[in-house]
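Student: Okay, here's the structure, questions in a sec.
The values are calculated or read from the model by the stated rules, or taken from the named source; none is laboratory data. Note that this is a predicted model, so its numbers are computed, not measured. Cβ placement follows ideal geometry from the backbone for every residue including glycine, while neighbour counts extend to all protein chains displayed.
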C-alpha cells in the first residue's frame, strides 16, 4: 500500500534567527551546563529565539503568514543573552536576557497583534525571550553559574518551518522580514 503524498500542512513559527557565530557562542554554554544538569543538548544549528509559535498550517496559509509579518514594523536592536536559567516544569535549561529590550517587546506584541488579526490562534502567555540549550535536564531553584554574555544584532525576524528528518527536527528559514534602523 502506498503512503499518501507529502502533507498539505507545515509546522511553523516566527523566530529571531542568529548568525552562525552567535549560535556558536551560545552552543559553547551547553557543555558546562550539561555537566551540571545532564540532559540532551540541542543541536547548535537549531538554536534560535521563538517570537510566536504557530503550529501546523495549511500550505496556502504560509502566504498569509508572510503578509501578516510584512505588516509588522519595528526597529533593529541588540539582544544580549546573559543568564542561564532552568524551567523545572519541562526540564529545560535555556539562555535568557536579564533585560528585555523595549524593541523586542514591541516586536513580539506587534507580531501577535497582526497574526491575531489574520485569525491565527496563538498561546496566550507572557512573552519570555529564551534560547533552549538543554532538554531533559535536572536542576534545582539554585541559580546556574554565570556564562559569557552572547549579544545578537537583530536586524530581522524569520518565518521558520520545522521539518522532521531521520528522527530529528531540522529548521528551514522560509522568509526573513527586515526591521528598520530606527532613523525614521
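Student: Being in contact with a helix residue (DSSP H, G or I) (Cβ under 8 Å, 6 or more places away or on another chain), over 20 Å from residue 171 (Cα atoms) and either surrounded by fewer than 18 Cβ atoms within 10 Å (Cβ to Cβ) or at pLDDT below 95 (or both) narrows it down to one of 71, 78, so name that one. Can you show your working first?
Tutor: Working: 78 fails: in contact with a helix residue (DSSP H, G or I) (Cβ under 8 Å, 6 or more places away or on another chain).
Being in contact with a helix residue (DSSP H, G or I) (Cβ under 8 Å, 6 or more places away or on another chain), over 20 Å from residue 171 (Cα atoms) and either surrounded by fewer than 18 Cβ atoms within 10 Å (Cβ to Cβ) or at pLDDT below 95 (or both) holds for just one of 71, 78, which is 71.
Student: Within segment 40-51, is even one residue surrounded by 20 or more Cβ atoms within 10 Å (Cβ to Cβ), more than 21 Å from residue 137 (Cα to Cα) and touching a strand residue (DSSP E or B) at 6+ places or on another chain (Cβ under 7 Å)?
Tutor: Looking through segment 40-51, at least one residue is surrounded by 20 or more Cβ atoms within 10 Å (Cβ to Cβ), more than 21 Å from residue 137 (Cα to Cα) and touching a strand residue (DSSP E or B) at 6+ places or on another chain (Cβ under 7 Å).
Student: Spot the failing condition for residue 108; the list is (1) surrounded by 20 or more Cβ atoms within 10 Å (Cβ to Cβ); (2) touching a helix residue (DSSP H, G or I) at 6+ places or on another chain (Cβ under 9 Å); (3) over 23 Å from residue 36 (Cα atoms), and only one is missed.
Tutor: Of everything listed in (1) surrounded by 20 or more Cβ atoms within 10 Å (Cβ to Cβ); (2) touching a helix residue (DSSP H, G or I) at 6+ places or on another chain (Cβ under 9 Å); (3) over 23 Å from residue 36 (Cα atoms), residue 108 misses just condition (2).
Student: Out of 149, 129, 97, which single residue is surrounded by fewer than 16 Cβ atoms within 10 Å (Cβ to Cβ) and modelled with pLDDT of 95 or more?
Tutor: Selected residue: 149, the only one of 149, 129, 97 that is surrounded by fewer than 16 Cβ atoms within 10 Å (Cβ to Cβ) and modelled with pLDDT of 95 or more.
Student: Oh, and also: Name every residue in segment 52-64 that is within 19 Å of residue 169 (Cβ to Cβ) and surrounded by 16 or more Cβ atoms within 10 Å (Cβ to Cβ), in order of residue number.
Tutor: 52, 54, 57, 62
Student: Give segment 173-184 a look and list any residue that's in a strand (DSSP E or B) and at pLDDT below 95, or say none.
Tutor: Answer for segment 173-184, where residues must be in a strand (DSSP E or B) and at pLDDT below 95: just 180.
Student: Does residue 174 count as in contact (Cβ under 8 Å) with a residue 60 or more places away in the chain and out of contact with any strand residue (DSSP E or B) (no Cβ under 9 Å at 6 or more places or on another chain)?
Tutor: Judged against the criteria, residue 174 is not a match.
Student: If you don't mind, there's one more thing I want to ask. State which residue is nearest to the chain's Cα centre (by Cα) when the search covers only segment 52-66 and only residues that are part of a strand (DSSP E or B) and over 28 Å from residue 141 (Cβ atoms).
Tutor: Per the stated criteria, the residue is 52.
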